[in-house]
Amino acid sequence: MFMGEISFLLNTPRTASVTAMTDSLLMAIPAEVFQKTLSENPKFGVELAKLLAKRLASTSQHLAQSLHHT
């Protein structure tokens, strides 16, 4: 699971916060390393784009369901 990628991509403050429900192993990646990884590994960028598209589709679906139930 990725968290904070929007902040890295847009160079803006985080758009959300998360709370782990169980013990978790986390990795912090400096913005420079993230940008370098994207530049040097196009496949990583494609996979990240797929993940963001799935999140957007899910959010859109939830929003549409919410609007139909009001």
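Within the stretch 1-11, work out how many residues are of a type outside the set (Gly, Ala, Ser), in a helix (DSSP H, G or I) and open to solvent by less than 100 Å² (accessible area, probe 1.4 Å).
So the count comes out to 4.
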| said: For the stretch 2-10, check the following and say yes or no: at least one residue is among the charged types (D, E, K, R) and in contact (Cβ under 8 Å) with a residue 40 or more places away in the chain. | reply: yes
| field | Every residue from the stretch 40-70 that is free of Cβ contacts under 8 Å to residues at least 12 places away in the same chain and under 15 Å from GLU5 (Cβ atoms) | value | ASN41, PHE44, GLY45, VAL46, GLU47, ALA49, LYS50, ALA53, LYS54, ARG55, LEU56, THR59
| note | Per the filter on the stretch 12-37, residues open to solvent by 70 Å² or more (accessible area, probe 1.4 Å), over 22 Å from THR59 (Cα atoms) and either in contact with a His (Cβ under 6 Å, 6 or more places away or on another chain) or part of a loop (DSSP other than H, G, I, E, B) (or both) are THR22, ASP23, SER24, LEU25, LEU26, MET27, ALA28, ILE29
| request: Considering each residue of the stretch 39-66, count those that are open to solvent by less than 70 Å² (accessible area, probe 1.4 Å), more than 14 Å from the chain's Cα centre (by Cα) and not polar (S, T, N, Q), and give that number. | output: 1
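The values are calculated or read from the model by the stated rules, or taken from the named source; none is laboratory data. Please read all numbers here as calculations on a predicted model, not as lab measurements. All Cβ positions, even for glycine, are placed from backbone atoms using ideal geometry, and neighbour counts span all protein chains on display. For the accessible areas, the whole protein counts, side chains as well, though only heavy atoms, and no ligand, DNA or RNA atoms are used. Shrake-Rupley method; radii C 1.70, N 1.55, O 1.52, S 1.80 Å.
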